[in-house]
Amino acid sequence: MRRTLTVSIVNFFLFFGLACGVMAEELRVSGGAAPSEAVFKRIAQPLAQATGITLKLSSAGPVQAWKDLDAGAVDAAAAGITFQEWAALMESEGYKVEKGNYMAQIIGMDSIKIFTNKDVAIQRLDKEQVKGIFTGEITNWSQVGGPDMPIVVVLGTKIAGTLAEFKKKILGDAEYLKDAIQVETAADIKQKIIATSGAIGIGSKGQVDDSVNVPRYPEPTRIITLITKVGERQDTVKTMVQFIMGEGKQYL
């Protein structure tokens, strides 16, 4: 009797899953701050509920994310950069790219925000002030209308795409401050800023909340690109992209 009941319960759930068209399936994605914070973390739960696809996210900058995809460690890679810029970045690192082996899709937009510790109550910075802070030419908040305290710049080793875009749009030919505090991910940057008096760093729009001060400035925007290998997991990726472009928009 007990065995019959157990089999009946299993059969019921199998039938229920098939009838609803929602079967559990894992999709592994490697990406940095822009795709993770602006897209994937926001749609992960509703995507699973609507399609049965569960996301397994790995934190990596664009170079490592592409390598993860080629190595078969993930099913898709994503970055806050265009496909052409991404391929050029890989080639600049000495990595051979066969563009015909990949499918690229734009899945969203993001803007690069500036975060400061809440003891820096500055509300607006212009482009030259931001450049001066991140290159080390401006070292005290009083130089830009803030409190008299040292500026502590926090950067991340795993947000290469964000750093490259910010440098191109804000710093130009100048380099980042050499003795900036180095952490890893965008989440690490934010936590270090929260814990450090006078700290400042950059991150994704999706990270904005009341735990940090977010001054206005001429912020760069960027597209978020998803790449997959041709012929690999295309149906599952297509389902996810269709969700992002449709029902998932309300969460972004």
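Residue-by-condition table, conditions (1) of a type in the set (G, A, S); (2) out of contact with any Leu (no Cβ under 9 Å at 6 or more places or on another chain); (3) at pLDDT below 95; (4) under 22 Å from T221 (Cβ atoms):
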position: K96; (1), (2), (3), (4): no, yes, yes, no
position: G108; (1), (2), (3), (4): yes, no, yes, yes
position: V130; (1), (2), (3), (4): no, no, no, yes
position: N140; (1), (2), (3), (4): no, yes, no, no
position: A186; (1), (2), (3), (4): yes, yes, yes, yes
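Among the residues that make up segment 171-182, is at least one of them assigned to a helix (DSSP H, G or I) and loosely packed, with under 15 Cβ neighbours inside 10 Å?
Start the filter on segment 171-182 by keeping residues that are assigned to a helix (DSSP H, G or I), which leaves 171.
Restricting the remaining residues to those that are loosely packed, with under 15 Cβ neighbours inside 10 Å gives none.
No, because not a single residue in segment 171-182 is assigned to a helix (DSSP H, G or I) and loosely packed, with under 15 Cβ neighbours inside 10 Å.
Does A77 meet the test of being at pLDDT 95 or above and either in a loop (DSSP other than H, G, I, E, B) or under 17 Å from K158 (Cα atoms) (or both)? Steps first, answer last, please.
Details: at pLDDT 95 or above: yes; either in a loop (DSSP other than H, G, I, E, B) or under 17 Å from K158 (Cα atoms) (or both): yes.
Answer is yes for this residue.
Find the residue count for segment 22-69, including only residues that are under 13 Å from T236 (Cα atoms) and of a type in the set (S, T, N, Q).
Looking only at that region, the number is 2.
Being touching a strand residue (DSSP E or B) at 6+ places or on another chain (Cβ under 8 Å), modelled with pLDDT of 95 or more and surrounded by fewer than 22 Cβ atoms within 10 Å (Cβ to Cβ) is the filter here, so list the residues in segment 213-226 that pass it.
Across segment 213-226, the qualifying residues are N213, V214, P215, R216, Y217, E219.
Which of the following residues is polar (S, T, N, Q) and in contact (Cβ under 8 Å) with a residue 12 or more places away in the chain: Q250, Q234? Talk me through it step by step, then tell me what you get.
Numbers: Q250 fails: in contact (Cβ under 8 Å) with a residue 12 or more places away in the chain.
From the options Q250, Q234, the qualifying one is Q234.
Name the one entry in D235, D210, D188 that is in a helix (DSSP H, G or I), more than 30 Å from A24 (Cβ to Cβ) and open to solvent by 10 Å² or more (accessible area, probe 1.4 Å). First the steps, then the outcome.
Working: D235 fails: more than 30 Å from A24 (Cβ to Cβ); D210 fails: in a helix (DSSP H, G or I).
Going through D235, D210, D188 in turn, the sole match is D188.
Every residue, every condition in (1) touching a Phe, Trp or Tyr at 6+ places or on another chain (Cβ under 6 Å); (2) of a type outside the set (S, T, Y), yes or no:
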site	(1), (2)
Q129	no, yes
L163	no, yes
A186	no, yes
I189	no, yes
G198	no, yes
I202	yes, yes
K205	no, yes
T225	yes, no
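Quick test for you: out of K131, K99, K118, pick the one residue that is under 17 Å from L69 (Cβ atoms) and of a type in the set (K, R).
Values: K131 fails: under 17 Å from L69 (Cβ atoms); K118 fails: under 17 Å from L69 (Cβ atoms).
After applying the criteria, what remains is K99.
I'm trying to understand the selection: among the residues of segment 41-96, which are in contact with a strand residue (DSSP E or B) (Cβ under 7 Å, 6 or more places away or on another chain), over 23 Å from E26 (Cα atoms) and surrounded by fewer than 17 Cβ atoms within 10 Å (Cβ to Cβ)?
Across segment 41-96, the qualifying residue is only T82.
From the list T225, T196, T221, pick out the single residue that is over 20 Å from the mean Cα position of the chain (by Cα) and not aromatic (F, W, Y).
Numbers: T225 fails: over 20 Å from the mean Cα position of the chain (by Cα); T221 fails: over 20 Å from the mean Cα position of the chain (by Cα).
Of the residues listed, the single one that is over 20 Å from the mean Cα position of the chain (by Cα) and not aromatic (F, W, Y) is T196.
How many residues, within segment 97-128, are part of a loop (DSSP other than H, G, I, E, B) and either open to solvent by 30 Å² or more (accessible area, probe 1.4 Å) or not aliphatic (A, V, I, L, M) (or both)?
Looking only at segment 97-128, we keep the residues that are part of a loop (DSSP other than H, G, I, E, B), and these are 97-98, 117-123, 125-126.
Right, trim to either open to solvent by 30 Å² or more (accessible area, probe 1.4 Å) or not aliphatic (A, V, I, L, M) (or both) and you get 98, 117-119, 121, 123, 126.
Number satisfying all stated conditions: 7.
Can you tell me which of P46, P35 is modelled with pLDDT under 95 and either in contact with a Gly (Cβ under 8 Å, 6 or more places away or on another chain) or part of a helix (DSSP H, G or I) (or both)?
Exactly one of P46, P35 is modelled with pLDDT under 95 and either in contact with a Gly (Cβ under 8 Å, 6 or more places away or on another chain) or part of a helix (DSSP H, G or I) (or both), namely P35.
The values are calculated or read from the model by the stated rules, or taken from the named source; none is laboratory data. Since we're looking at a predicted model, the values are computed, not measured. Reconstructed Cβ throughout: ideal geometry from the backbone, glycine too, with neighbour counts over all protein chains shown. When the accessible area is computed, the model is the full protein with side chains, heavy atoms only, and any ligands, DNA or RNA have been set aside. Shrake-Rupley method; radii C 1.70, N 1.55, O 1.52, S 1.80 Å.
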